[in-house]
Every structure is written in C-alpha cells, then in structure tokens.
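K.L.:
Okay, here's the structure, questions in a sec.
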C-alpha cells in the first residue's frame, strides 16, 4: 500500500499524484535476487473514501493505493532480456503472461463479476479477477509438457512425435472417445503400428485432472473461489482437448468457458485459438497501454498501432 499528499488539492488529483502513489506502493524491501515486475492497483482511496478505480480529477488531500505487486526472480528476467537481445529484439518491458492472456479471453464484465483465467501451456498460469481488477496470480509448474512426457513414456515414442499425437488425437476424457478409433503411432501413413485413442486418453486424463485439481486448490487459497460469478476460463493449448470442460466442471464446481481470443476480424482466423490467447492478449495490452510509445517515435507507434488494430473487429 502507498500513500501521498495530493500536490495541488484545489486542482484535483493528477497523473503526477498517481505516479507518486504507485512509486510509494513499490517501496518495499526485496531480497537481492528478486525485483518488481508489475504494480497493479486494486483500488484507490481518497481522504478515506475507498473503492475508487480512477481518482484522476477528484478532489482530496490524501491519496492512497492498494496494489497487487508482482515479483519475479532477477535471473529469470535477465535471461529473457538476453535471449531477446540475441534475437535482435530490444524490449523495454515485460508483461506477466497470465495478465496479457486475460486481455484476449476475459470480457470486462466477467472481470467485474469475478473470473479465474487458467492458462495451461508448458506450465499452468492462473489469474483471478474481481471488481474489474487482477486480485491474484499463481503459477503451477505442471502443464502441457508433462502431458507430452507422459505420452512419450506411455507409448514409447519420441518426444516430438508425442507432441504431435497429443495435438492431433488427444482427449481429456476417456469416455468421450469412440472405443474402436485408432491412429498411427509413427508418422508414416498407414504402415506400422496403430494405437487406440482410448488408450491415449487414458494417459492424458489423469494428468489433466491433476493439473486442474492443483489449479482449483490455488484459486481456493486466494479466498475468492466462492465469489467468481463468471466462473473459470480455460485457455492455452491444453484447453483444446475434447472433454476438458466437462472434467473441469466436476473439479471446480463453477461455470467453465474455453477461452478463444475474442474480437478478431475474419482475416485473423489462424490465431483464433486458445493456444494463441497470450499472444493476442499481449497485442491488446500494448494497444491499450503505453509500451509502443515508450519504444519508438510517436509517428511510427501510431502506424504500428493502426496496423494491429486491423486485427480486431
């Protein structure tokens, strides 16, 4: 939490006051191997009046902010910058992926009502929203890569083939698969061994169930599980499994929606998939924020932003 006196009370709260109170909120002691990635205001308080989302222009003497502070390991951030550097990409900032993802799959009304976005990629990232603001963020190390490993071991096939099999034939529910359906174990047409899709689903289902159980437990730890009126949005590559919404409803006991990026125009159908939710959300985040303008000249930034705006209907 941060608090500052309003610089010019008779003229109302300005951007200067907002910057100062956010600066105060992040004045916390951290270990040397951690640093702040985001400071996300959850509410502002003006002269004791709580629940204010945007205090700009309001009159008051004292401005306070309650904020969610996202912390990351310094080495993780440095490694990302080094990797981008090697690719010739100059980044001026990083964005929490679960936050970016929410911009493409969670409507503002859902964030107001209360919703959890569960992004199951290589790992599983959870963001919980209530009253329009991000209230909690969690990361579970279990994710889609563990499903691929299970398939590789269970079917005794190389990892890259296991990944292809998962994407092409995977299901999160054994009972959702027709009993006599099969697929080729190796990518060599009709030759060679064929495997039952139900056998594949019997490998996938327990791992998906484990991931969802861990996600439900993390959401419950936030204390917000019973106030998520908009339920849970599943997204990421693993959310494409047939039957996953049925399994998730049994575990969460909440309405389940598969998170497809919304608002894309017809030409962008290729990225209208849960697997691209974070990518599309990151673009939306940039369009709504200041990041493009902080990197390049305003004139070029305007051109870039207009090109990206064509993606959205």
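K.L.:
Gain in length, residue 81 to residue 164, computed as 0.36 nm per residue apart minus the alpha-carbon separation, to one decimal in nm?
P.N.:
Details: separation 83, 0.36 × 83 = 29.88 nm, distance 3.00 nm.
Contour length minus Cα-Cα distance gives 26.9 nm.
K.L.:
Follow-up. From the square roots a ≥ b ≥ c of the eigenvalues of the alpha-carbon gyration tensor of the stretch 48-156, which class results: rounded (a/c under 1.5), prolate (a/b over b/c), or oblate?
P.N.:
Details: a/c = 2.93, a/b = 1.65, b/c = 1.78.
Because a/c hits 1.5 or more and a/b fails to exceed b/c, the stretch 48-156 counts as oblate.
K.L.:
Sticking with this one: Neighbour counts of other C-beta atoms within 10 Å: give me 65, 39 arranged from fewest to most. Don't jump to the answer; show the numbers that get you there.
P.N.:
Values: 65 22, 39 17.
Fewest-to-most ranking of 65, 39: 39, 65.
K.L.:
Peptides 232-239, 96-103: what's the order by average Cβ count within 10 Å, highest mean first?
P.N.:
Packing order, densest peptide first, comes out as 232-239, 96-103.
K.L.:
If you don't mind, another one. Using r as the Cβ-Cβ distance of residue 11 and residue 288, and R0 as 22 Å, what FRET efficiency do you calculate, to the nearest 0.05? Let's see the in-between values first.
P.N.:
Details: r = 27 Å, r/R0 = 1.22.
That pair, residue 11 with residue 288, gives E of 0.25.
K.L.:
Quick one: grab the alpha carbon gyration tensor of the stretch 175-216, order the square roots of its eigenvalues as a ≥ b ≥ c, and give me rounded if a/c is under 1.5, else prolate or oblate depending on whether a/b is larger than b/c. Write out the running numbers ahead of the final one.
P.N.:
Numbers: a/c = 4.58, a/b = 2.30, b/c = 1.99.
Since a/c reaches 1.5 and a/b is larger than b/c, the shape of the stretch 175-216 is classed as prolate.
K.L.:
Determine the calculated [θ] at 222 nm for the chain from helices alone, applying -39500 (n - 2.57) to every DSSP H run no shorter than 4 residues and normalising by the residue count; nearest 500 deg cm²/dmol. All intermediate terms of the calculation are to be shown ahead of the outcome.
P.N.:
On the way: 11 runs with 125 residues, N = 313.
Per the formula, -12000 deg cm²/dmol.
K.L.:
Fewest to most neighbouring Cβ within 10 Å: what's the order for 183, 262, 241?
P.N.:
183, 262, 241
K.L.:
Here's another thing I want to ask about it. Can you tell me what share of the DSSP beta bridges in the chain is antiparallel? A percent to the nearest 5 is fine.
P.N.:
Details: 34 of 41 bridges.
The answer is about 85 percent antiparallel.
K.L.:
Another one. Let me check I have the definition right: for the chain, take the eigenvalues of the Cα gyration tensor, multiply each by 5, take square roots. What are those semi-axes in whole Å, largest first? Before the final figure, lay out the partial values.
P.N.:
On the way: eigenvalues 339, 99, 68 Å².
Result for the chain: semi-axes of 41, 22, 18 Å.
K.L.:
While we're looking at this one, here's another question. Over what distance in Å are the Cα centres of the stretch 227-266 and the stretch 153-200 separated?
P.N.:
24 Å
K.L.:
Please report the orientation-averaged projected area of the stretch 64-220, defined via the convex hull of its C-alpha atoms, in nm².
P.N.:
13.3 nm²
K.L.:
Shifting gears a bit: Obtain the nm distance between the two label points defined at residue 175 and residue 246 by a simple spin-label model: each point lies 7 Å from its Cα along the Cα-to-C-beta direction.
P.N.:
About 0.6 nm, to one decimal.
K.L.:
Given labels modelled 7 Å from the Cα in the Cβ direction, how far is it in nm from residue 71 to residue 271?
P.N.:
Output for this residue pair reads 3.4 nm.
K.L.:
If you don't mind, another one. Could you work out how much longer the chain between residue 59 and residue 107 gets when fully extended? Use 0.36 nm per residue separation minus the Cα distance between them, nm to one decimal. It would help to have the intermediate numbers written out before the result.
P.N.:
Details: separation 48, 0.36 × 48 = 17.28 nm, distance 3.09 nm.
14.2 nm is the gain from fully extending residue 59 to residue 107.
K.L.:
Taking a ≥ b ≥ c as the square roots of the eigenvalues of the Cα gyration tensor of the stretch 144-209, is the shape rounded (a/c under 1.5), prolate (a/b larger than b/c) or oblate?
P.N.:
Values: a/c = 2.10, a/b = 1.15, b/c = 1.83.
Oblate.
K.L.:
Let me check against my output: what whole-number percent is the relative contact order of the chain, with C-alpha pairs under 8 Å and at least 6 apart? Before the final figure, lay out the partial values.
P.N.:
Numbers: 559 pairs, mean separation 48.7, N = 313.
16 percent.
K.L.:
Shifting gears a bit: Quick one, what does Rg over Rh come out to for the stretch 1-94 if you take C-alpha atoms and the Kirkwood Rh?
P.N.:
Expressed as Rg/Rh, it is 1.12.
K.L.:
Another question about this same structure. What distance in nm separates the simple spin-label points at residue 47 and residue 182, each placed 7 Å from Cα in the Cβ direction?
P.N.:
Computed distance between label sites residue 47 and residue 182 equals 7.9 nm.
Each reported figure results from applying straightforward, stated rules to the coordinates on display, with no laboratory input. Keep in mind that what you see is a predicted model, and the values were worked out from it rather than measured. Positions of Cβ are backbone-derived with ideal geometry, glycine not excepted, and every protein chain shown enters the neighbour counts.
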